[in-house]
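A short worksheet on the structure shown next.
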């Protein structure tokens, strides 16, 4: 069995780490590079950096910040936000990121997934999906774009299967209802994707206790990785203690 991955997420706005609830009410959570170094030292398996307003503000990706991060950490990291072209993907990767994450632009221009995957490899391509509950959809969830502001009219499972076929190497799935609540991951939609896809699924949104990680990794759900933000930013769960807890729960993690 492959080891499960613990991935702190740093949402970036105006060069600072921020965190909110249900994508709203953002609060400062520190310098992203300082946070990245701390997580690297604590044993994080990977990091994700998302410039959460780059798309709606139509800004370029944060290549300068990517270079700073790459100089200071030695674990893989993914960067997303404002990536609109294959050239943007190349810029982020050549600046030092290991992967790029695309969300809104993947919906608007699916050829960005296939073009980038064929040029740089599927292992570099993460497609982020922000999922909002919608009973009218076949899976019960609808894809949203623009930082969760705009319903896309796409069923989450159908879209995940499509991006897998287009060459995505991984799915970053965020439950908008669970995001920031600390009431646990959305097991329903996460399990549906984990069991329907052959590429890894990263669960995101709702982590509050070590038990939440154990549940999302367990046989009921089967996520390959778990992403969290506030519980790590505010020192409520240490990555080392979390991994020790998961080991005691018979979940394979990297130590």
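Total residues in the stretch 142-153 satisfying the condition of being assigned to a strand (DSSP E or B) and more than 18 Å from residue 199 (Cβ to Cβ): the figure is 7.
If only residues of the stretch 201-241 that are in a loop (DSSP other than H, G, I, E, B) and touching a helix residue (DSSP H, G or I) at 6+ places or on another chain (Cβ under 6 Å) are counted, the one that is nearest to residue 255 (Cα to Cα) is 237. Every condition in (1) more than 25 Å from residue 187 (Cβ to Cβ); (2) in contact with a helix residue (DSSP H, G or I) (Cβ under 6 Å, 6 or more places away or on another chain) is met by residue 149 except one, and the failing one is (2). Checked against (1) without any contact (Cβ under 8 Å) to a residue 40 or more places away in the chain; (2) in a loop (DSSP other than H, G, I, E, B), residue 168 passes all but condition (1). Checking the structure you have, find out if any residue of the stretch 171-178 is farther than 17 Å from residue 202 by Cβ and at pLDDT 95 or above. No, the stretch 171-178 has no match at all. Taking the criterion of being over 17 Å from residue 132 (Cα atoms) and touching a helix residue (DSSP H, G or I) at 6+ places or on another chain (Cβ under 8 Å), the residues of the stretch 183-200 that qualify are 196, 197, 198, 199. If you check 91, 194, 175, 139 for being closer than 29 Å to residue 211 by Cα, in contact (Cβ under 8 Å) with a residue 12 or more places away in the chain, buried (at least 16 other Cβ atoms within 10 Å of the Cβ) and more than 19 Å from the chain's Cα centre (by Cα), only one passes: 139. Quick check on the stretch 198-213. Is at least one of its residues buried (at least 22 other Cβ atoms within 10 Å of the Cβ), in contact (Cβ under 8 Å) with a residue 60 or more places away in the chain, in contact with a strand residue (DSSP E or B) (Cβ under 8 Å, 6 or more places away or on another chain) and over 22 Å from residue 83 (Cβ atoms)? Checking the stretch 198-213: at least one residue is buried (at least 22 other Cβ atoms within 10 Å of the Cβ), in contact (Cβ under 8 Å) with a residue 60 or more places away in the chain, in contact with a strand residue (DSSP E or B) (Cβ under 8 Å, 6 or more places away or on another chain) and over 22 Å from residue 83 (Cβ atoms). With respect to being surrounded by fewer than 17 Cβ atoms within 10 Å (Cβ to Cβ), within 22 Å of residue 226 (Cβ to Cβ) and modelled with pLDDT of 95 or more, residue 75 fits the description. Entry remark, the stretch 148-158: residues being surrounded by 20 or more Cβ atoms within 10 Å (Cβ to Cβ) and under 16 Å from the mean Cα position of the chain (by Cα) number 1 in total. Can you tell me which residue among 225, 229 is under 24 Å from residue 169 (Cβ atoms), at pLDDT below 95 and surrounded by 20 or more Cβ atoms within 10 Å (Cβ to Cβ)? Result: 229 is the single residue among 225, 229 that is under 24 Å from residue 169 (Cβ atoms), at pLDDT below 95 and surrounded by 20 or more Cβ atoms within 10 Å (Cβ to Cβ).
The values are calculated or read from the model by the stated rules, or taken from the named source; none is laboratory data. This one's a predicted model, so the numbers in the text were calculated from it and none came from an experiment. Using ideal geometry, Cβ is built from the backbone for each residue, glycine included, and neighbour counts are taken over all protein chains shown.
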